[in-house]
Every structure is written in C-alpha cells, then in structure tokens.
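One structure is given here, and the rest of the page talks about it.
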Amino acid sequence: MASERSPLELAAQLLELARGAGAQQADAVAVASTNSSTEVRLQQIEKVAEAASRAVGLRVIVEGRQAVVSTSDVTDAGLAETAQTALELARVSEPDPHAGLPDPSEQARQPAELGLFDEQISELEGEERARRALACEQAALDASPKIGNSGGAAFSTRVSAFALADTNGFAGEYRGASASLYVEVMAQEEDGRLRNAGWYSAARQLHRLEDEASVGREAAARALRQLGAEKGETREAPVVWEPRMAAGLAGIVAQAASGEALYRGATFLADREGEEVASPLLSIADDATLPGQLGSRPFDGEGVGTRVNPLLEAGVFRGFLFDCYNARRVGAATTGSALRDVGGLPWIGSGNLVIAAGETPAEAIIGEIEDGLYLTTLMGFGINLTTGDFSRGAAGIRIRNGELAEAVSEINVSGNLREMLRSIDAVGDDVQWFGATAAPTLRMGRMTISGA
C-alpha cells in the first residue's frame with residue numbers, strides 16, 4: 001500500500017507522475033514524522049499526545065512558470081491528483097526567470113552521515129516521558145519554599161524522515177530524532193506577586209539532554225533571582241549578554257545575512273562583504289555539517305550539499321546565505337542554505353549557528369564592570385534590520401563593583417547593531433548550546449538602558 005512506502009519512494013513516484021504530466025523541471029519532497037509529548041503540572045499528568053503524519057509536496061516548472069502543491073493523501077490517486085494540479089497551476093502562473101533547480105554539480109551525490117537519528121528516542125515510551133517531566137518539575141518545586149506555583153513541565157520527542165527527489169537525478173533521504181524537556185515555575189514575592197521563569201534542554205541524542213534535576217533547578221534559580229526586581233534608572237552602561245541572549249544575537253546576524261534581505265535592500269550588512277563590521281573578538285559561523293546537532297542536515301532543501309558558511313570572522317563580514325533562487329536574483333551562488341517543507345518553495349535559513357569561544361571566563365567579564373547590566377531576558381520585536389536600530393524590552397541583574405547585585409525588570413535596552421557589534425570588548429570561554437545555536441557570554445562596552 002502507498003501508506004507503507006518510504007518517504008523517498010513516495011517522492012520518486014510523485015516525481016515520475018509530474019514528468020509524465022509534462023513538467024520540464026520538478027522536485028518532490030516527502031516527510032514522515034511522529035511527535036509525542038507528555039505535559040504535567042503540579043505533579044499531575046495533564047496531557048499526553050502522539051501524532052503521526054505523512055505528507056508530500058511537489059514543485060513543477062514549465063517554461064519558467066512554477067507552482068507548488070502539497071497533500072497528505074499519499075494514495076496513488078492522491079499523488080496523481082497532486083501532480084496534475086501542480087501542472088495546471090504552473091501553466092497559469094507568471095514566468096519567473098530565476099525559477100529553477102540547482103545546477104546538478106552543486107548537489108550532494110554522496111550525502112554525509114551526520115548521526116541525526118537516535119534509536120533510544122524512537123523507542124521511548126509514554127511512561128518514561130512522564131517520569132522525566134515529573135522529575136523535572138519536582139526538582140524545580142523543591143528548590144525553594146518561595147517557588148509557589150508551576151506552569152508545568154513537558155517532555156517531547158520527534159522522529160522524522162525527509163526525502164527529496166528531482167529531475168536532475170538527485171534522490172536523497174535522511175532520518176532524524178530529537179527530544180526536549182521544558183519546565184516553567186513561579187517564585188512568590190512577599191506581596192504575593194509571582195515571578196515566572198523557565199528553562200529547557202533539547203538534543204538529537206538522549207544522552208546529550210540535560211538531566212531533569214538540572215533543568216528544574218535552573219528554572220527555579222531564574223525565577224528566584226527575579227524576586228525584588230525593580231526598574232533601573234536611564235543610563236548608558238556596559239551590558240553583559242548571558243549565553244542564551246548571545247545565542248539570540250547570533251540569530252539576528254543570520255537574519256541580516258539572508259540573501260533575500262540583500263536582494264530587498266533590507267539589511268544593514270548590504271555592500272559590507274569583506275569589511276570589518278564587528279569587534280575582532282567576534283566570529284560567527286553557520287554550520288549544518290556538525291554531527292548530531294539539531295540544525296545539521298546532509299543536504300539542503302534543494303539537494304545541495306551543506307557546508308560551513310562563515311558569517312563573521314574576527315569581525316569581518318564574509319558573506320550572505322543563499323538558496324538557488326535568491327542567489328540567481330543577485331548573481332551569487334547558493335550556500336546550501338535552503339530550507340524546505342512540503343507546502344512551499346525553498347527559503348533561506350541557517351543550520352547551526354556557532355559563536356566562537358573567547359578566552360575570558362564569564363566571571364572575569366562581569367568582574368571588570370563597576371556599574372552595568374547582566375542581560376537575561378529580551379522581549380518584543382524592536383529590531384530594524386535595514387537600519388540596524390535595536391530597542392527591546394529587557395530584564396536582568398544589576399552589576400555593581402564587579403558582582404551581580406539586585407534584579408532589574410521593566411527596562412529597555414537600545415542601540416544600533418552597527419555600533420553594538422563593534423562595541424563587543426569581551427567574549428567568554430563558556431560556550432553553551434541552545435537548540436541549534438552555540439554561544440558564550442558577550443560584553444558590549446556601552447548600551448542605553450532605560451526604564452520602560
């Protein structure tokens with residue numbers, strides 16, 4: 001039966017149907033996944049969910065006209081209808097001179113084995129998910145009598161397979177698995193107000209997942225250190241970005257380095273390739289080839305082999321990330337950065353973002369500051385990638401005389417990314433992974449801190 005075929009077999013069948021219907025170029029994507037989760041709150045199981053899905057998507061190109069159609073009906077009749085619909089839509093769409101498949105020489109004919117699948121995750125039972133979620137929440141609740149409530153804990157797994165086949169002759173498939181653990185708890189102020197905080201861990205191998213007690217205690221510690229938080233006065237001061245916040249900064253740089261943003265003129269990095277745009281202490285790379293990491297893949301959403309793409313090297317901007325379409329629009333080459341799902345065209349995205357470690361311990365970075373902010377939370381969407389203007393709600397801990405002091409909240413931190421990146425004057429040796437991003441502590445010499 002069609003439902004028993006592998007994703008690669010489904011993609012190959014859909015591709016042949018498209019060829020038979022008259023597609024000059026086509027590629028087919030097939031995805032199968034099983035998502036399982038157990039949610040608990042106050043030591044009671046609240047929700048258990050498991051969902052399996054299987055879907056295919058087809059992109060066809062006829063005389064420069066392209067269309068994408070997807071379906072979860074993977075019967076022979078459903079695939080045939082999908083192919084026919086895609087051809088009909090393509091013939092009435094507008095021609096696009098940049099539409100097309102990759103050059104076959106750019107595609108990964110022998111994809112690397114990256115260790116993305118862990119059998120232990122695929123075999124994990126619901127009872128074990130519940131045990132881990134309950135243990136995580138209990139560790140958080142036990143951390144202090146001031147932890148007065150819980151937003152709950154969840155342990156989730158995902159097991160998937162992704163396949164791509166195209167009229168270039170490319171055909172590839174890889175399996176992946178991942179597990180994640182999250183908990184949120186509230187610390188209670190003397191007046192009864194609650195300060196909430198959460199923590200999580202995610203990995204492709206079960207043994208790399210942070211243990212339940214550590215995740216729970218970290219969530220509790222983050223809630224407790226917000227107690228007594230007050231607004232800070234408006235001033236300019238050094239800001240230390242904890243590793244989790246620095247990971248977000250890496251994501252901002254990657255967005256600004258998107259080839260689509262370059263084409264639209266919507267990035268402050270336009271026309272800056274080869275120039276020093278940040279501190280010489282800062283190096284950021286996009287690397288989808290790292291074994292066993294969440295952002296890794298042997299080939300991208302167009303079958304192009306993945307690679308290491310330096311974004312910043314010692315402060316010098318090395319280049320943009322491209323899929324094939326946006327590369328053609330600006331006369332560049334793909335960087336193997338196309339992401340894909342069954343329902344749309346490829347788009348540009350990063351693999352694993354890695355900020356290179358520095359040589360300074362985090363304690364020393366803080367210890368050199370007389371008055372500053374240790375940034376632990378950012379809120380809102382106040383970033384203009386075109387101009388570089390940055391202004392977001394924030395919270396953290398005041399730094400006084402080289403030590404972490406009182407908590408501060410309801411503040412804004414602002415600046416311009418051009419100056420912010422250049423002002424980084426210390427990079428920690430404490431690289432940590434957060435999902436598909438690795439980052440250490442960073443210090444910016446000066447930012448504007450204001451009461452909200």
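A short reminder: the numbers here are calculations on the coordinates, not readings from a lab. Fair warning: this is a prediction, and the values are worked out from it, not measured in the lab. Positions of Cβ are backbone-derived with ideal geometry, glycine not excepted, and every protein chain shown enters the neighbour counts.
log₁₀ I(q)/I(0) of segment 404-452 at q = 0.26 Å⁻¹, via Debye over equal Cα point scatterers, no solvent, to two decimals?
-1.04
Whole Å is fine, so just give me how far the alpha carbon centre of segment 14-81 lies from that of segment 425-452.
Using only Cα atoms, the two centres lie 39 Å from each other.
Using a simple charge model, +1 on the beta-carbon of Lys and Arg, -1 on the beta-carbon of Asp and Glu, nothing else, what dipole does the chain show about its Cα centre, in debye to the nearest 20?
480 debye
Take the Cβ-Cβ distance between Glu419 and Ala357 as r, set R0 to 22 Å, and report the resulting FRET efficiency rounded to the nearest 0.05.
Taking R0 as 22 Å, the efficiency between Glu419 and Ala357 is 0.40.
If I fit a long axis through the Cα atoms of helix 76-92 and take the longest principal axis of the Cα atoms of the chain, what angle between them do I get, 0 to 90°, rounded to 10?
Between the helix axis and the principal axis of the chain, the angle is about 90 degrees.
Compute the FRET efficiency between Ala213 and Gln24 as 1/(1 + (r/R0)^6), taking r as their Cβ-Cβ distance and R0 = 60 Å, and round to the nearest 0.05.
Taking R0 as 60 Å, the efficiency between Ala213 and Gln24 is 0.55.
Modelling each spin label as a point 7 Å along the Cα-to-Cβ direction, I'd like the Glu190/Ala364 distance in nm, to one decimal.
4.0 nm
Work from the charge dipole of the chain (Cβ charges, +1 for Lys and Arg, -1 for Asp and Glu, about the Cα centre) and give the residue of Tyr325, Tyr174, Gln432 farthest towards its positive end.
Working it through, the farthest residue towards the positive pole turns out to be Tyr325.
Take every Cα-Cα distance within segment 229-452, group them into 5 Å bins from 0 onward, and report for each bin the whole-number percent of pairs it holds.
Values per bin, smallest distances first: 1, 7, 14, 18, 18, 15, 11, 7, 4, 2, 0.
Towards the positive end of the charge dipole of the chain, with charges on Cβ (+1 Lys, Arg; -1 Asp, Glu), say which of Ser350, Thr82, Leu124 has the farthest Cα.
Thr82
So what is the 222 nm mean residue ellipticity for the chain from helices alone, if each DSSP H run of at least 4 adds -39500 (n - 2.57) and you divide by all residues, rounding to the nearest 500 deg cm²/dmol?
The per-residue figure over the chain is -7000 deg cm²/dmol.
How would you rank 125-135, 91-101, highest first, on the average number of other Cβ atoms within 10 Å across their residues?
Highest mean packing first, the order is 125-135, 91-101.
Would you mind getting me the FRET efficiency between Leu345 and Arg272? Use the beta-carbon distance for r and R0 = 25 Å, nearest 0.05. Display every interim value, and only then the final one.
On the way: r = 27 Å, r/R0 = 1.10.
With R0 = 25 Å, the Cβ-Cβ based efficiency is 0.35.
Where does helix 7-21 land angle-wise versus the long Cα axis of the chain, in degrees 0 to 90, nearest 10?
Compared with the principal axis, the helix lies near 50 degrees.
State whether the chain is rounded, prolate or oblate according to the following rule on the C-alpha gyration tensor (a ≥ b ≥ c being the square roots of its eigenvalues): a/c under 1.5 gives rounded; otherwise a/b larger than b/c gives prolate, and the remaining case gives oblate.
Oblate is the answer for the chain, as a/c is 1.5 or above yet b/c matches or exceeds a/b.
Provide Rg and Dmax in Å for segment 244-361, with only Cα atoms included in the calculation.
Radius of gyration, then largest Cα-Cα span, for segment 244-361: 14.0, 45 Å.
Could you work out how far helix 126-141 tilts from the main Cα principal axis of the chain, as a 0 to 90 degree angle to the nearest 10?
Helix 126-141 sits at roughly 20 degrees to that axis.
How many angstrom separate the Cα center of segment 243-289 from the Cα center of segment 321-336?
Segment 243-289 and segment 321-336 have Cα centres spaced 16 Å from each other.
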